Amino acid sequence: MYVSIGGGFAVRDEDIVAVFDMDNATYSRITRDALSAAEKRGEVINAAEDLPRSFIICEDGGMSKTYLSQLSSAALARRIGR
């Protein structure tokens, strides 16, 4: 099943590893460093049409992608059904 994450993007629910709230998760320096490293590797995809409220880490076939979404982590969790 595919989950719409906003901005015209959809990901397979089985590829989703984690969903994080942008404000709470980026409070940690470790998380900010991890996002920065993913961006340098070209693994970050901006699916937000406005300021991102959450980010989703997906893995498919050993490839990792991080999607920035304008949807809240709670809204994404409801869409995923977890």
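The values are calculated or read from the model by the stated rules, or taken from the named source; none is laboratory data. The model shown is predicted, which means the values in this text are computed figures rather than measured ones. Quick reminder, even Gly has a Cβ in these numbers, built from the backbone with ideal geometry, and neighbours come from all protein chains shown. Only protein heavy atoms, including side chains, enter the accessible area calculation; ligands, DNA and RNA are left aside. Shrake-Rupley method; radii C 1.70, N 1.55, O 1.52, S 1.80 Å.
Taken over the range 21-55, residues that are hydrophobic (A, V, I, L, M, F, W, C), in contact with a helix residue (DSSP H, G or I) (Cβ under 8 Å, 6 or more places away or on another chain) and modelled with pLDDT of 95 or more amount to 2.
With respect to (1) in contact (Cβ under 8 Å) with a residue 60 or more places away in the chain; (2) acidic (Asp, Glu); (3) more than 17 Å from Arg78 (Cβ to Cβ), the lone exception for Asp13 is condition (3).
Looking only at residues of the range 13-40 that are of a type in the set (Gly, Ala, Ser) and not in a loop (DSSP other than H, G, I, E, B), we find that the one that is surrounded by the most Cβ atoms within 10 Å (Cβ to Cβ) is Ala25. Restricted to the range 41-82, and to residues there that are part of a loop (DSSP other than H, G, I, E, B), under 16 Å from Ala10 (Cβ atoms) and not polar (S, T, N, Q), the residue that is most open to solvent (accessible area, probe 1.4 Å) is Glu49.
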